[in-house]
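I have placed the structure first, in the form of structure tokens, so that the comments after it can refer back to it.
Nothing in this text is a laboratory measurement; each read-out follows from the coordinates by a stated rule. Keep in mind that this is a model prediction, so the values were computed, not measured. Cβ atoms come from the backbone with ideal geometry, glycine included; neighbour counts cover every protein chain shown.
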Amino acid sequence: FEDEANPDAEKEDVNTRAAAEQPPRLPLEKRDVTAILVKPGKGLFAMNMQQAIKKSLRAQAASPIEEISNLFGNFVDPVKYALLALTIVVCFVSAISILVSIYNSMNERRRDIAVMRALGARRDVILLVVLLESLLIAIGGGLLGWLAGHGIGWACSSLVEDRTGVQIGFLNTITVYEWALIPGLMLLATLAGIIPAFVAYRTNVSQNLGN
């Protein structure tokens, strides 16, 4: 009942303990001004003031926007382009894997292709079927990778926000480079499927049916 009767005393006790835990303040003669935030009215005046401070005072004038831009240009952009180059390399390796897997499967599917040809399928139909298979593999793999990447980023959003203050959603990190990868993947898949498609196109019907 004493705490409920004297809430002010409890607050004073908490404030006293908090003040005791803080480090002692420096005396006035040892204190320095480390930074001053100035908000100028116009952009031209800000540039002139920045140059005047650098020339006349023992201080350094810095523009927050300029410094952040330099930070992105010197550190963030190189990492972004390195990851983009790594993504392109992964796409090329995936295209080669698609080519090898479909090409190796052609030897096992020669009889099936010969049966399709014997039932009336034209050579161009067989060619389109193999190219479509390559496209479906590339698009399916790209879609799964895209969902997995954004899903992992979204799952780790709380951890990233706690450490950096940056919020990561499932779709708010999409960039123009991701949209540019879509036609690139389709082109690579088409190129990867051309050689197996021509192998299927030139399948000898009578020989493979006899075997």
- Only Lys, Arg, Asp and Glu count, each charged at its Cβ (+1, +1, -1, -1), so figure out the dipole size of the chain about its Cα centre, rounded to 20 debye. 1760
- Note on the structure: In the chain, taking the dipole from +1 charges on Lys and Arg beta carbons and -1 charges on Asp and Glu beta carbons about the Cα centre, the listed residue (86, 191, 177) farthest towards the positive end is 191
- Distance histogram in 5 Å bins (all Cα pairs of the chain, percent per bin): 1, 5, 8, 9, 8, 7, 7, 8, 7, 7, 6, 5, 4, 4, 3, 3, 3, 2, 2, 1, 0
- Task: Treat every Asp and Glu Cβ in the stretch 113-211 as -1 and every Lys and Arg Cβ as +1, leave all other atoms uncharged, and give the resulting dipole magnitude about the Cα centre to the nearest 20 debye.
- Result: 560
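Would you kindly state how much longer the chain becomes between residue 33 and residue 204 on full extension, computed as 0.36 nm times their sequence separation minus their alpha carbon distance, in nm to one decimal? Walk me through the numbers on the way to the answer.
Values: separation 171, 0.36 × 171 = 61.56 nm, distance 8.64 nm.
Here the answer is 52.9 nm.
Compute the normalised compactness of the stretch 89-211: alpha-carbon radius of gyration over 2.2 N^0.38 Å, N being the residue count.
On the way: Rg = 20.2 Å, N = 123, 2.2 N^0.38 = 13.7 Å.
For the stretch 89-211, the normalised Cα radius of gyration is 1.48.
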- What nm distance separates the two modelled labels at residue 122 and residue 74, each placed 7 Å from Cα along Cα→Cβ? 6.4
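Residue 56 to residue 136: extension gain in nm, 0.36 nm per residue of separation minus the Cα-Cα distance? Provide the component values of the computation, followed by the final result.
On the way: separation 80, 0.36 × 80 = 28.80 nm, distance 6.69 nm.
That pair, residue 56 and residue 136, stretches by 22.1 nm at full extension.
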- Dipole-positive endmost among 49, 24, 73 within the chain (Cβ charges, Cα centre): 73
- Going 7 Å from the Cα of residue 160 in the Cα-to-Cβ direction, what parts of the stretch 70-92 have a backbone nitrogen less than 12 Å from that spot? none
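About the Cα centre of the stretch 78-161, what is the dipole size in debye to 20, counting +1 per Lys and Arg Cβ and -1 per Asp and Glu Cβ, all else neutral?
On the way: 7 positive and 5 negative charges, 83 e Å.
About 400 debye.
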- Note on the structure: Sorting 200, 160, 137 by the position of each Cα along the dipole of the chain (Lys, Arg +1; Asp, Glu -1; all at Cβ), the one nearest the positive end of that ordering is 200
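Given an 8 Å cut-off on Cα distances and at least 6 residues of separation, report the relative contact order of the stretch 69-210 as a percent.
About 45 percent, as a whole number.
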